[in-house]
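Asks: Here's a structure for you.
Every number in this text was worked out from the coordinates using simple rules, so none of it is lab data. All values reported here derive from a predicted model rather than from experimental measurement. Counting neighbours? That spans all protein chains shown, and the Cβs are built from the backbone with ideal geometry, glycine included.
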Amino acid sequence: MRVFIYNGGLRLVGKSGVGQAILHQREMLRRARIDTADHWCQRAGAVHINTVLPDSVLAALAAKLMGRKVIYYGHSTMEDFRRSFRGSDRLAPLFRKWITFCYSLGDVVLTPTEYSRRLLESYGLKPPVYSISNGVDTEFFAPDPTRRASFRRRWGLREGERAVISVGHTIARKGLPEFLELARRMPEARFLWFGWTDPHLIPRRSGRPWNRRRRM
C-alpha cells in the first residue's frame, strides 16, 4: 500500500509540533518500509492530512473524489485553542465548528492523547477517533556525553549545576507561568525555555514573552 502525506501548509507549521509530526510520520513509514507518494499524480491508497488550513480541506475533498482513504490527524481542539493567542477565546466556538468540519472529512481521525480523543468525540464527529502518540525519535533524543558537554559549555552551566529545560511557544497554555514560578522557587537551578512567539499574538495575561537566549 502506498501513502501520500499531504504537505500543504508545511512552511507555516514546519517549526511547530504539527510540522514535526508530519516529518515523524514520513520517517516512521520509511522505517516500516511502507511506500510513500511524492505528489498527487502517483497512486496512493490513503492520504494523511495534518492541518486544518483551507487547502487541507480541498486536499481531503480531492482525495475522496479519487477514491482514496483520508486519515485526518486531530492535532487541535477548541479547548487547547482557547487561552493561546489574542482573540482566541472569542474565536474558539467558531474554531470548534471549523475543525469539526475538517475532521469529519476523514475516514478516520487520529489524535495524540486520550484527553483529546474524548474531546473530539464529544463534538459529534462521524468518523472513528483513535488516540496514537506522536512519538519521540529515540535515536535523536538519546544520551550523548559529547553533546551534553557542548550544551553545558554553551549556556555556561557549572559542573554539578542542575538545568531544567522546556520547549514550546511562549504562551500560558504551554505552562510558561508555572515554569517561571518554579524558576523563582528554585534559584539554585538554571531554567531554560527554548521557543518564541510573536509578542503581538500573546494575550497580556500570558505575561512577558521570553527570547530563547534569555537567562532565567
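Asks: Which of Ile132, Ile22, Ile202 ends up with the largest GNM mean-square fluctuation for the chain, with Cα atoms connected below 10 Å?
Replies: It is Ile132.
Asks: What share of Cα pairs, in percent, lie more than 27 angstrom apart in the chain?
Replies: Summing the P(r) tail past 27 Å for the chain gives 43 percent.
Asks: Tell me the relative contact order for region 1-144 as a rounded percent, counting alpha carbon contacts under 8 Å between residues six or more apart.
Replies: Result for region 1-144 is 20 percent.
Asks: Which chymotrypsin sites (Phe, Trp or Tyr not before Pro) in region 135-169 sit in a loop by DSSP (not H, G, I, E or B) and have at most 11 other Cβ atoms within 10 Å of their own Cβ?
Replies: Phe140, Phe141
Asks: What base-10 log of the normalised intensity I(q)/I(0) is obtained for region 59-180 from the Debye formula, alpha carbons as equal point scatterers, at q = 0.10, 0.11, 0.19, 0.21 Å⁻¹?
Replies: Listed by q, the Debye log ratios stand at -0.51, -0.59, -1.08, -1.19.
Asks: Apply the Kirkwood formula to region 26-125: the hydrodynamic radius equals the inverse of the mean of 1/r over all pairs of different alpha-carbon atoms; give it in Å with one decimal.
Replies: One decimal place: 14.7 Å for the Kirkwood radius.
Asks: What is the log10 of I(q)/I(0) for region 75-130, computed with the Debye formula using one identical point scatterer on each Cα and no solvent, at q = 0.13, 0.29 Å⁻¹?
Replies: Here log10 of I(q) over I(0) equals -0.30, -1.19.
Asks: Hey, which of these cross-link pairs are over 19 Å Cα-Cα: Lys126/Lys174; Lys97/Lys174; Lys64/Lys126?
Replies: Lys126/Lys174; Lys97/Lys174
Asks: Compute the acute angle (0 to 90°) between the alpha-carbon long axis of helix 54-65 and the principal axis of greatest extent of the alpha-carbon atoms of the chain; round to the nearest 10°.
Replies: 30 degrees
Asks: Note the angle between two axes, namely the Cα long axis of helix 17-31 and the longest principal axis of the Cα atoms of the chain, as a number of degrees from 0 to 90, rounded to the nearest 10.
Replies: Around 70 degrees separate the two axes.
Asks: In whole angstrom, note down how far apart the Cα centers of region 126-187 and region 20-89 are.
Replies: The two parts, judged by their Cα centres, are 26 Å apart.
Asks: Right, another one. Pull out the extension gain between Ser16 and Tyr130, defined as 0.36 nm times the separation in residues minus the alpha carbon to alpha carbon distance; nm, one decimal.
Replies: 38.9 nm
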